[in-house]
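Throughout, read-outs are computed from the coordinates displayed, never taken from laboratory work. Everything quoted here is computed from the prediction, not taken from an experiment. Because the Cβ atoms are built from the backbone with ideal geometry, glycine has one as well, and the counts that use them run over all protein chains shown.
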Amino acid sequence: MAQDALTDAAQGKVVVLTGAGVSAESGLATFRDAHGIWARYRIEDVATPEAFARDPVRVLEFYNLRRAQAAAEEVVPNDAHRALARLEREWMGEFLLVTQNVDDLHEQAGSGEALVHMHGELHRSRCQQCGTVVGGLGALSVEMACEACGAVGGMRPNVVWFGEMPVAMDRIHDALEACALFVSIGTSGNVYPAAGFVRAARAAGAYTLELNLEPSQGASSFHQTRQGPASTLVPSFVDALLAGELSL
Ligand code: APR
């Protein structure tokens, strides 16, 4: 089974899922670690449509701070981001990189059209009124007007809040159903639908591998788990896969 999966993977689709742990060594906080974002903020205060309706100033302050943190010059891609961009360039089969992260470190490292931001993108903004998405705005405020429809007070970060539908789920499920190798990197496996991708991949016959600092909530669903920092585990995984020497 394992070697077949590797052989299949050499022609089959490889699907990689990343979470906040892949950006941790670039200096961005994760969510559920001891000093993570949700240890300092309540989700229902800053990351739901109801929070935005109730107190848009507070929600925009939260995302403006995260935008500024992500844009800091010392926040740059690490070796894990670079290894995944290399995998996209050099892999002979099909490849899809699904990230839960809203930062753009995968793009900065060179990941391209094979990248899907299922929870949206922090540096883009969306008008709550007409749905127009724009890039390049600085700090958002409730006084801001939408460039397209003129509505004031509806500009929000183009991220997926709790209770909202993640992005590109059809594309992701199609990829999972056809994948020969599924690799989860830097995610705690707390949030669905991403936490269920490993079971969809296994049901499709894929070999499943977790690379994480510690076993995630879903570790028992994987064929193999490796613990360690992403900047070490991911480059060695990519080297082994590209060399056809991945030990399954
Ligand atoms: N290398 C590898 N893994 C790491 C590292 C590292 N350097 N540092 C932390 N981790 C691991 C942690 O052990 C943890 O399992 O990354 C995981 C991060 O988990 P979370 O903080 O829960 O982040 P994530 O899984 O991406 O959260 C999913 O929840 O709040 C929502 O929308 C938000 O996209 C986010 C989603």
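When the P(r) of region 78-186 is calculated, the portion above 19 Å amounts to 52% of the C-alpha pairs.
Its relative contact order, with pairs defined as Cα atoms under 8 Å and 6+ residues apart, puts region 70-135 at 29 percent.
In plain terms, the C-alpha convex hull of the chain casts an average shadow of 12.7 nm² when viewed from every direction.
Amide hydrogen proximity for residue 210: with H placed 1.01 Å from N in the peptide plane, the residues at 5 or more positions away or on another chain lying under 5 Å are 184, 224, 225, 226. Entry note, the chain: relative contact order of 24 percent, from Cα contacts under 8 Å with a spacing of 6+ residues.
Between amide H atoms placed 1.01 Å from N, distances below 5 Å from residue 179 occur with no residue 5 or more places distant or on a separate chain. In region 18-136, the inverse of the mean reciprocal separation of distinct Cα atoms equals 15.6 Å; this is its Kirkwood hydrodynamic radius. In the chain, the calculated helix contribution to ellipticity at 222 nm averages -10000 deg cm²/dmol per residue, counting -39,500 (n - 2.57) for every DSSP H run with n ≥ 4. Computed packing ranks the peptides 216-222, 181-187 as 181-187, 216-222, most packed first, by mean other Cβ atoms within 10 Å.
Here residue 134 and residue 34 are evaluated by their C-beta separation; at R0 = 41 Å the FRET efficiency comes out at 0.70. Checking Cβ-Cβ separations below 4.7 Å across the chain identifies 179 as cysteines lacking any candidate disulfide partner. Relative contact order of region 122-248: what whole-number percent is it, with Cα pairs under 8 angstrom and at least 6 residues apart? RCO, region 122-248: 15 percent. I want the antiparallel fraction of DSSP beta bridges within the chain, as a percent rounded to 5. If we restrict to bridges inside the chain, about 30 percent are antiparallel.
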